[in-house]
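Enquirer: Here it is: the structure, laid out below.
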Amino acid sequence: MSVAEDFGASVRKQVSADEWQVRVDLAATYRLVAHYGWSDLIYTHISARVPGPEHHFLINPYGMSFDEITASSLVKIDLDGNIVMPTDYAVNPAGFTIHSAVHMSVPDANAVIHTHSDDGVAVSAQADGLLPLSQTAMVVLEDLAYHDYEGIALEHDERERLVRDLGNKHCMILRNHGLLAAGASCPDAFLRLYFLERACTMQVRALAGGVKLTMPNQGVPEKTAEQGMFHKKHGIGNLAWPALLRTLDRIDTSYRH
């Protein structure tokens, strides 16, 4: 058994089976974000709520890149940012500010993803935000909110405004900053992020083409959003998740340790 596997086995013995499953799914989500090129060195964050009454959640150890996150390396903290399980790592306070706001205030936000991808940040800087230029964008638009940039997210009083702007949506464009997606599980949050990221990429490419754009007819974006059902709360990511895990397993199974 390798050192990483031995450490993983030690952590697994200290947590419940339900928590370990969340750890594996969250580590997989980090690897997937890295796989698709949406990570930002050691910055940005993905968090997941730990099952149980303690109101704990898991977040990345500050200083590790997304493609080396494992189930056992994730840091468990409370809603005040205190580390509640021994670890050699710290956490990024900016990550805590954004994620704790959503976890505290949105009942079904068990997983939250925040990215600084090139295309996500590019669209966040465009005055009109995400446009209904593609089917992918139209699926997301009904479930999309916006939050104005206030500086690096270190001030806890920003949490109230961020939650107010998010409302009952699951996706958010953080102006001049990046993207956010939430879900009842890691699969749900990842699928929402995948569509939001793809919609931003398609918009950047369409706008770069230098030709007149075609907009959908009135009512079509709303119809498409209802058909896609991304604004629904549970289970939207379950169909794709096993295939995504198989993709990761073909590359490297270490996220499971």
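Enquirer: Roughly speaking, to the nearest percent, how much of the range 136-250's 1.4 Å accessible area is carbon and sulfur?
Expert: Details: 3170 of 6030 Å².
The nonpolar share, carbon plus sulfur, comes to 53 percent.
Enquirer: As I understand it, the dipole of the chain uses +1 on the Cβ of Lys and Arg and -1 on the Cβ of Asp and Glu, about the Cα centre. Which of 14, 70, 208 lies farthest toward its positive end?
Expert: Of the listed residues, the answer is 208.
Enquirer: Which angle between 0 and 90 degrees, to the nearest 10, do you get for helix 3-14 versus the longest principal axis of the chain when only C-alpha atoms count?
Expert: It is inclined by approximately 90 degrees.
Enquirer: Considering only protein heavy atoms, with the full assembly of protein chains and a 1.4 angstrom probe, order 169, 232 by accessible area, largest first. Mind showing how you got there, number by number?
Expert: Values: 169 60, 232 85 Å².
Ranked list, largest accessible area first: 232, 169.
Enquirer: For the chain, what does the accessible surface come to per residue with a 1.4 Å probe? Please give it in Å². List each step's numbers first, then the result.
Expert: Details: 12220 Å² over 257 residues.
Using a 1.4 Å probe on heavy atoms only, each residue of the chain averages 48 Å².
Enquirer: Further, regarding this structure: I want the local charge near residue 19. Using Cβ-Cβ distances under 13 Å, sum +1 for each Lys or Arg and -1 for each Asp or Glu among the other residues.
Expert: On the way: positive: 12, 13, 23, 49, 76; negative: 18, 25, 54.
Once positives and negatives cancel, what remains is +2.
Enquirer: I'd like the distance separating the alpha-carbon centroids of the range 115-129 and the range 231-254, in whole Å.
Expert: 25 Å
Enquirer: Shifting gears a bit: Any idea what the dipole of the range 107-174 comes to, in debye rounded to 20, about its Cα centre with Lys/Arg Cβ at +1 and Asp/Glu Cβ at -1?
Expert: Details: 4 positive and 13 negative charges, 29 e Å.
With Lys and Arg at +1 and Asp and Glu at -1, about 140 debye.
Enquirer: Using a 1.4 angstrom probe and counting only protein chains, how large is the accessible area of residue 56 in Å², to 10?
Expert: 40 Å²
Enquirer: Simple spin-label model, 7 Å along Cα-to-Cβ: residue 247 to residue 64 in nm?
Expert: So the label points at residue 247 and residue 64 sit 2.2 nm apart.
Enquirer: Sticking with this structure for a sec: From the gyration tensor of the Cα coordinates in the range 118-257, what semi-axes in whole Å does the equivalent ellipsoid have, largest first, with each one equal to sqrt(5λ)? Show your work: numbers first, answer last.
Expert: Working: eigenvalues 119, 90, 55 Å².
The three semi-axes for the range 118-257 are 24, 21, 17 Å.
Enquirer: Still on this structure, I have one more. Could you tell me which of 248, 124, 177 has its Cα farthest along the dipole of the chain towards the positive end, charges placed at Cβ (Lys, Arg +1; Asp, Glu -1), taken about the Cα centre?
Expert: 248
Enquirer: Non-local amide H neighbours of residue 45 (under 5 Å, H modeled in plane, Pro and chain starts lacking H): which ones?
Expert: 114
Enquirer: Note down the net charge around residue 101, summing +1 for each Lys or Arg and -1 for each Asp or Glu among other residues with Cβ under 13 Å from its Cβ. Before the final figure, lay out the partial values.
Expert: Working: positive: 159, 161, 164; negative: 80, 150, 155, 157, 158, 160, 165.
Net local charge, residue 101 excluded: -4.
Enquirer: Give me the dipole magnitude in Debye, nearest 20, for the range 1-83 about the Cα centre, with unit charges on the beta carbon: positive for Lys and Arg, negative for Asp and Glu. Could you put the intermediate results ahead of the total?
Expert: On the way: 6 positive and 11 negative charges, 20 e Å.
Once rounded to the nearest 20, the dipole reads 100 debye.
Enquirer: Shifting gears a bit: Would you work out the charge dipole size for the chain about its Cα centre, treating the Cβ of every Lys and Arg as +1 and the Cβ of every Asp and Glu as -1, and quote it to the nearest 20 debye?
Expert: Details: 21 positive and 31 negative charges, 141 e Å.
It works out to roughly 680 debye.
Enquirer: How many Lys pairs in the chain lie less than 25 angstrom apart by Cα atoms, where the lysines are 8 or more positions apart or on different chains?
Expert: 8
Enquirer: Something else: How much length would be gained if the chain were fully extended between residue 126 and residue 234, taking 0.36 nm per residue of separation minus their Cα-Cα distance, in nm to one decimal?
Expert: Numbers: separation 108, 0.36 × 108 = 38.88 nm, distance 3.06 nm.
Between residue 126 and residue 234, full extension yields an extra 35.8 nm.
The values are calculated or read from the model by the stated rules, or taken from the named source; none is laboratory data. Source: prediction; values computed, not measured. Reconstructed Cβ throughout: ideal geometry from the backbone, glycine too, with neighbour counts over all protein chains shown. Heads up: the accessible areas ignore ligands, DNA and RNA and are worked out on the full protein's heavy atoms, side chains in. Shrake-Rupley method; radii C 1.70, N 1.55, O 1.52, S 1.80 Å.
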